[in-house]
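Participant: Structure incoming, see below.
What follows draws every value from the coordinates through simple rules; no lab data is involved. Here the structure is a predicted model, which is why all the values come from computation and not from measurement. Positions of Cβ are generated from backbone atoms using ideal geometry, with glycine treated the same way; all protein chains shown enter the neighbour counts.
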Amino acid sequence: MNPEELKKARNKLKKNKIQNNCEKPTFNMMTEEDLSQFQKEQLDINIEEWLDLIPEYTFKTEYYPLPMELGKLFMEAYETRQKTGKITEEIKEKLKEYANSIQKVIERVKEDSDGVFIKSSSRSAKDSVIYETKFKDNYRTNFLKLENNENNKLISLLITGMALLKTKDAYQMLQLWTQSERIYQDMIVATKFPDRFNEHFAVRKWQDMEVDMEFRAFVYDGHLTAISQYNHFCYFPRLLEMKEKLQNLMVTFWKENLRDKLHKKFPEYVVDFCIVGENYDKVMVIELNPFKYTTDSALFSWEKERKSILTNPEQFEFRLVKSVRSGSKSLISSSWRKVMDEVDEELKNKK
Ligand SMILES: Nc1ncnc2c1ncn2[C@@H]1O[C@H](COP(=O)(O)OP(=O)(O)O)[C@@H](O)[C@H]1O
Ligand SMILES: [Mg+2]
């Protein structure tokens, strides 16, 4: 597949899915060579590569090996579910065996909190939260707290999805992972190159964060060139009021704490921040991604703005959504839209 086709395939994917809003290409559409190159670039910036350079600025993390057999088991389970709607007892038994040891890591990392965040070396299973039985009820509860409009429906979906990323039960987590297309895709790539296979569960301390307080920053050749609101389907009015403060906070944080520590190993990268604390005054790193079109450019465009903004040290911009984005609903994945529509229908009938 040539880069143009790849871009098109990727854009199609991107437009389809809100929960995958920072997405990677569909791997079955790539040539072996592209895939190998892509995998190498991803491995170079997996969490194992950057965490130790900046441990004090991100969430406490403990790794647990994700053996190749388990990677293959995730693939088998995902495919079985696609065909039959469920997984076999045999698969469940195997998952339970792995769960026992992972549970110990969860207990250690969670300390006195009530859960942790777990991802694989490259990505999380954030697309699988929709399969949590609580999703719809939680969405309804979250939505009813807000004024009834489409922007708030999308915000409620984000709030619901984010909260469900918190886990304390390893077996439940593994079962959810067998429903994640992201994990499935990543395991296809990872197991394709057995000599490079080096996957882990990254068990991370849970950090409460608000859905509007995530940002994506672009770093090129030692310069922070751009920052975007991360959840870019939604309009968050307070961000516009806080813009200057947030910008200063992130730029200063990056200059003082990340720039020099990351520069040698990563001359260019895309870094996600969250801003936490009662007064929104603390920045933390969520993760690093490749500085490439395979990383979602949020409110920027790799195609149109790579030269003029993303790689241009003279042209810093902090971009936010300035008003409600009409038609955002059509950009979310059908499974999320279904929940939204079902709850709309319920509420209408209640009136
Ligand atoms: N330690 C954490 N505590 C709470 N939420 C988290 C934590 N780490 C990540 N998240 C949430 O999960 C999302 C996905 O995590 P991330 O590490 O970026 O994985 P991915 O590669 O799948 O994007 C983040 O955008 C953030 O909303
Ligand atoms: Mg991410």
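Participant: Among 283, 276, what is the fewest-to-most ranking by other Cβ atoms within 10 Å?
Facilitator: Values: 283 23, 276 16.
Starting with the residue having the fewest Cβ neighbours, the order is 276, 283.
Participant: Let me ask you something else. Determine, for 344, 34, 212, the number of other Cβ atoms within 10 Å of each Cβ, and report the residues in order from fewest to most. Provide the component values of the computation, followed by the final result.
Facilitator: Values: 344 13, 34 16, 212 22.
Fewest-to-most ranking of 344, 34, 212: 344, 34, 212.
Participant: Under the definition of Cα pairs under 8 Å and six or more residues apart, what whole-number percent is the relative contact order of the chain?
Facilitator: Numbers: 512 pairs, mean separation 86.5, N = 351.
Dividing the mean separation by the residue count of the chain yields 25 percent.
Participant: Determine the sum of side-chain charges near residue 52: Lys and Arg each +1, Asp and Glu each -1, restricted to other residues whose C-beta is under 13 angstrom from that of residue 52.
Facilitator: Details: positive: 60, 261, 265; negative: 48, 49, 56, 62.
Net charge around residue 52: -1.
Participant: Also, quick follow-up: Sorting 234, 274 on the 10 Å Cβ count, fewest up front, what's the list?
Facilitator: Values: 234 23, 274 20.
Ascending number of Cβ neighbours within 10 Å: 274, 234.
Participant: OK, next. Could you pull out the GluC sites (Glu not before Pro) across the range 273-308 that fall in loop regions by DSSP (anything but H, G, I, E, B) with no more than 15 other Cβ atoms inside 10 Å?
Facilitator: Values: sites: 278, 287, 303, 305; in loops: 278.
The qualifying sites are 278.
Participant: Here's a follow-up. Can you give the calculated 222 nm mean residue ellipticity of the chain, where each DSSP H run of n ≥ 4 adds -39,500 (n - 2.57) and the sum is split over every residue, rounded to the nearest 500 deg cm²/dmol? Can you show the working numbers first?
Facilitator: Working: 13 runs with 156 residues, N = 351.
Result for the chain: -14000 deg cm²/dmol, rounded to the nearest 500.
Participant: Note down the Stokes-Einstein diffusion coefficient of the chain in µm²/s, whole number, using a Kirkwood radius over alpha carbon pairs, 20 °C, and 1.002 mPa s. Write out the running numbers ahead of the final one.
Facilitator: Values: Rh = 21.2 Å.
Translational D for this selection: 101 µm²/s.
Participant: Restrict the search to the range 124-218; then list the trypsin sites (Lys or Arg not before Pro) that DSSP places in a loop and that have at most 13 other Cβ atoms within 10 Å of their Cβ.
Facilitator: Details: sites: 126, 134, 136, 140, 145, 153, 166, 168, 182, 192, 196, 204, 205, 216; in loops: 134, 145, 166, 168.
Those that pass, being in a loop and sparsely packed, are 134, 145.
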